[in-house]
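Since the structure comes first, as structure tokens, the remarks are kept for the end.
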Amino acid sequence: MKNILVIGAAGQIGSELVPYMRKIYGESHVIATYNHTPLPAELMEGGPSAKMDAIDGQAMQEIVSKYNIDAIFNLVAVLSAKGEANPTFSWKINMDTTFNCLEVMKDVKGAVFTPSSIGAFGPTTPQDQTPQDTVMRPTTIYGISKVAGELLADYYHLKFGVDARGLRYPGIISNVTLPGGGTTDYAVEIYYEAIKNKAYTCNLSAGTFLDMMYMPDALRSAVELMEADPAKLVHRNCFNVTAMSFDPEIIAAAIRKHMPDFRLEYKVDPIKQAIANSWPNSMDDSAAVMNGAGNLSLTWIP
Ligand code: AKB
């Protein structure tokens, strides 16, 4: 990857992926785009940026030509819970953006990274140690768009030679930009509320186990996937990746080690709970094996 376009740079992953990749590839080689949410000053000042509506394919094409882009990180998405409030909007944003990224990379045979998610699985998927290849019949519009996006990316690879790759991310724990509109958001909010109020009201019930990952692992896995030898990629869209699985009680116990009077209460949101119940409790990520001394090094099963 020489010149990289990050779409959705102001979001939870983008706001950390841009500085991470600017350190690796050079500040002038990572172009950050944003739309409604302005870029943080650090990103705006740290390298090239542009305001761009990702559902405008022509605008995307112009930026790709202007900066001679050979790789796109497609981080625009309406997440699971927000998607259920407006499925039409969610489908349009999620699918048009993915389609535009693949289309603009078609002629240059460039690379496209599109994250998929645990949301691509559904209630009929095996929920413990969910395999790489298994039933994928999600019941949220977000999940449906993720499965469709995985298939579309594979199609553009097979049909047009686009170097399309992706990871199925779990919930991501981070502290730079808050997630918004997701079902796993509680696992970030709980820390903020612990500091502010020594208490948190959780919208998922005790015993709701979901896969999670710390942001540095999410960033490293994305870059390592995109740098992996294409000859070794058995799966392209997408690899299961995970780091841990826990329920709200487990985080609360961890917080109480530092703050013994922390209180966890519950007010279950039925929509979020139904989504969480339809997702894996834990995923099998053995197709993307972690090894090395603390390094997430993705190796590919031949
Ligand atoms: C969400 O909760 O919607 C996202 C995801 C797991 O894809 N964080």
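Could you give the nm distance between label points at K23 and E265, where each point is 7 Å from its Cα heading toward the beta carbon?
Label-label distance for K23 and E265, simple model: 4.0 nm.
Evaluate the relative contact order of the chain (contact order divided by residue number), counting alpha-carbon pairs under 8 angstrom at least 6 apart; express in whole percent. Don't skip to the end; give the middle numbers.
Values: 635 pairs, mean separation 55.3, N = 302.
Answer for the chain is 18 percent.
Compare Y191, Y142, Y25 by solvent-accessible area with a 1.4 Å probe and give them largest first, with all protein chains kept in place. Walk me through the intermediate numbers first.
Values: Y191 100, Y142 20, Y25 40 Å².
Highest to lowest solvent-accessible surface, that is Y191, Y25, Y142.
Counting other Cβ atoms within 10 Å, which trypsin sites (Lys or Arg not before Pro) in region 41-129 have at most 16 and lie in a DSSP loop? If you can, show how the numbers build up before the last one.
Working: sites: K51, K66, K82, K92, K106, K109; in loops: K109.
Those that pass, being in a loop and sparsely packed, are K109.
Quickly work out the A254-to-A206 label distance, labels modelled 7 Å from Cα along the C-beta direction, and quote it in nm with one decimal.
1.9 nm
Provide the per residue accessible area, probe 1.4 Å, for region 77-302, rounded to a whole number of square angstrom. Each step should come with its number before you reach the end.
On the way: 9790 Å² over 226 residues.
Accessible area per residue: 43 Å².
Please enumerate, by chain and number, the lysines with C-alpha under 21 Å from the C-alpha of K198, excluding those fewer than 8 residues away in the same chain.
Excluding near neighbours in sequence, the set is K257, K267.
Note down the relative contact order for region 150-199 as a percent, whole number, built from C-alpha pairs under 8 angstrom at least six residues apart.
On the way: 20 pairs, mean separation 10.7, N = 50.
Relative contact order comes out at 21 percent.
Any idea what the relative contact order of region 202-247 is, in percent, if you count C-alpha pairs under 8 Å spaced at least 6 apart?
On the way: 24 pairs, mean separation 34.2, N = 46.
Taking the mean separation of contacting Cα pairs over the length of region 202-247, I get 74 percent.
Pop out the carbon and sulfur fraction of the accessible area of the chain as a percent, whole number, probe 1.4 Å. Don't jump to the answer; show the numbers that get you there.
Numbers: 7390 of 13170 Å².
That share works out to 56 percent.
At a Förster radius of 45 Å, what calculated FRET efficiency corresponds to the Cβ-Cβ distance of E189 and E45, to the nearest 0.05?
On the way: r = 29 Å, r/R0 = 0.64.
Between E189 and E45 the formula returns 0.95.
Based on the Cβ-Cβ distance from N68 to T88, what FRET efficiency comes out when R0 is 41 Å, to the nearest 0.05?
Working: r = 35 Å, r/R0 = 0.86.
For N68 and T88, the calculated efficiency is 0.70.
List, in the order given, every pair from K82/K232; K82/K109; K92/K232; K196/K272 whose Cα-Cα distance in the structure shown is over 28 Å. Write down the numbers at each step before the final one.
On the way: K82/K232 36 Å; K82/K109 33 Å; K92/K232 33 Å; K196/K272 24 Å.
In this structure, K82/K232; K82/K109; K92/K232 lie more than 28 Å apart at Cα.
The values are calculated or read from the model by the stated rules, or taken from the named source; none is laboratory data. Keep in mind the model is a prediction, meaning the values are calculated, not measured. Because the Cβ atoms are built from the backbone with ideal geometry, glycine has one as well, and the counts that use them run over all protein chains shown. Just the protein is used for accessible areas: all its heavy atoms, side chains included, with ligands, DNA and RNA removed. Shrake-Rupley method; radii C 1.70, N 1.55, O 1.52, S 1.80 Å.
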